[in-house]
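Colleague: One structure is given below, represented as structure tokens, and several questions about it will come after.
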Amino acid sequence: MKKIISVIILCVTVLALAVMPAMASESQISPASTQNVHCGLTISGLKATSTCSVIVSGAEKTTATLYLEKYKSGKWKVMQSASKTTGNNTLSIKKSRLIVSGKFRAKVKVTTVKNGKKETHTYYSAVKSR
């Protein structure tokens, strides 16, 4: 019985390893791979500063939109936004705003274009209170 189970496990493992390269080659078709995205928020006194930095590879165009959001009435509401587009592989945005009190977060939407195909990802900072 142990021998049969061992053979079954071996067959499943071999099959899984055979399928993985096919799956990996499919993922290479994606428009561009976002390698590193940082989305941050700092609050100092009455000032909230949201930041993002994006490093991508293989994109013809990258657009990032940075949002400062406040949690109010059960929803995240945009207080401020800023966008930047580049043909390079890196970009960064930094925006500051005066705030009074509440829960805040930064959000960045990154859209990459490669071979006419768009891919969008959204990233969030930690929630901070004032």
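Read the figures in this text as sums done on the coordinates, not as results from a lab. None of these values were measured; they are calculated from a predicted model. Positions of Cβ are backbone-derived with ideal geometry, glycine not excepted, and every protein chain shown enters the neighbour counts.
Colleague: When you count, for each residue, the other Cβ atoms within 10 Å and take the mean per peptide, how do 83-94, 99-110 rank with the highest first?
Modeller: 99-110, 83-94
Colleague: Further question: Which is farthest toward the positive dipole end of the stretch 33-129 among C39, T90, N115, measuring Cα position about the Cα centre, with Cβ charges +1 (Lys, Arg) and -1 (Asp, Glu)?
Modeller: C39
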